[in-house]
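Undergrad: Below is one structure. I have some questions about it.
The values are calculated or read from the model by the stated rules, or taken from the named source; none is laboratory data. What you see is a predicted model; the values in this text were computed from it and never measured. We place every Cβ from the backbone using ideal geometry, glycine too, and count neighbours over all the protein chains shown. The protein model used for the area step is the full one, side chains on, heavy atoms only, and it has no ligands, DNA or RNA in it. Shrake-Rupley method; radii C 1.70, N 1.55, O 1.52, S 1.80 Å.
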Amino acid sequence: AFGLLKQANYPAAEAALRAFVEQHPKDAMAGNAQYWLGETYYLKGDYEKAIVELDKVAAHYPNNNKIPSAVFKQGLSFEKLGSKKDATALYKKVVEKYPKSPEAAAAKKRLKAIKGR
């Protein structure tokens with residue numbers, strides 16, 4: 001599924017990732033698959049679906065290492081949709097809850113960029 005995503009075959013990647021998550025919800029890689037499913041929607045420009053799918057990472061896999069990435073990507077999605085308020089809240093969440101993550105540094109940059117507008 002990840003190979004399909006890298007090849008930009010988004011419909012096939014989406015189908016494979018969704019099937020994996022549905023068939024193996026307790027698998028150690030299910031949280032990552034859920035993240036990449038959200039990423040698939042983001043890359044297609046379907047930011048609303050990306051937000052919904054990325055939200056499921058923390059909701060269903062609370063210990064997954066992709067949570068900071070998922071929250072940050074949700075912020076980017078809201079920003080693409082023109083919702084600076086929601087984007088700002090998510091970027092602040094990344095900075096506060098995951099301060100040592102690479103996403104926290106990226107979130108700080110996005111917060112500065114939003115303020116500068």
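Undergrad: Percent of Cα-Cα pairs more than 14 Å apart in the range 37-85, please.
TA: Of all Cα-Cα distances in the range 37-85, 42 percent exceed 14 Å.
Undergrad: Over the chain, with every protein chain in place, what whole percent of the accessible area is carbon and sulfur at 1.4 Å, could you tell me?
TA: That share works out to 54 percent.
Undergrad: Quick check for me: using +1 on Lys/Arg Cβ and -1 on Asp/Glu Cβ, what's the dipole size of the chain about its Cα centre, in debye to the nearest 20?
TA: The dipole of the chain has a size of about 740 debye.
Undergrad: Right, here's the next one. How large is the dipole of the range 51-99 about the Cα centre if only Lys and Arg carry +1 and Asp and Glu carry -1, each at its Cβ, rounded to the nearest 20 debye?
TA: For the range 51-99, the charge dipole is close to 80 debye.
Undergrad: If you fit an axis through the alpha-carbon atoms of helix 30-44 and take the longest principal axis of the Cα set of the chain, what angle between them do you get, 0 to 90°, nearest 10?
TA: 70 degrees
Undergrad: Let me ask something else. Assign one of three labels to the range 1-63, namely rounded, prolate or oblate, based on the Cα gyration tensor with a ≥ b ≥ c the square roots of its eigenvalues; rounded applies when a/c is under 1.5, prolate when it is not and a/b is larger than b/c, and oblate otherwise. Can you show the working numbers first?
TA: Values: a/c = 2.19, a/b = 1.25, b/c = 1.75.
Oblate.
Undergrad: OK, next. Ignoring ligands, DNA and RNA, how do HIS24, HIS60 rank by accessible area with a 1.4 Å probe, largest first?
TA: Order by accessible area, largest first: HIS60, HIS24.
Undergrad: I've got another one for you. Quick one: length gained pulling ASP55 to ALA113 fully straight, 0.36 nm per residue minus the C-alpha distance?
TA: 18.5 nm
Undergrad: Rg and Dmax of the chain, Cα atoms, in Å?
TA: Every Cα atom of the chain included, Rg and Dmax give 14.1, 45 Å.
Undergrad: A follow-up question, please. By how many nm would the segment from LYS92 to LYS26 grow when fully extended, if each residue of separation counts as 0.36 nm and the alpha-carbon distance is taken off?
TA: On the way: separation 66, 0.36 × 66 = 23.76 nm, distance 2.99 nm.
Contour length minus Cα-Cα distance gives 20.8 nm.
Undergrad: Please compute the Cα-Cα pair-distance distribution of the range 50-117 with 10 Å bins starting at 0, giving whole percents from short to long.
TA: For the range 50-117, the binned pair fractions read 24, 56, 19, 1 percent.
Undergrad: A further question follows. Charges on Cβ only, +1 for Lys and Arg, -1 for Asp and Glu, centred on the Cα centroid of the chain; of PHE78, ASN63, PHE20, which one is farthest towards the dipole's positive end?
TA: Selected residue: PHE78.
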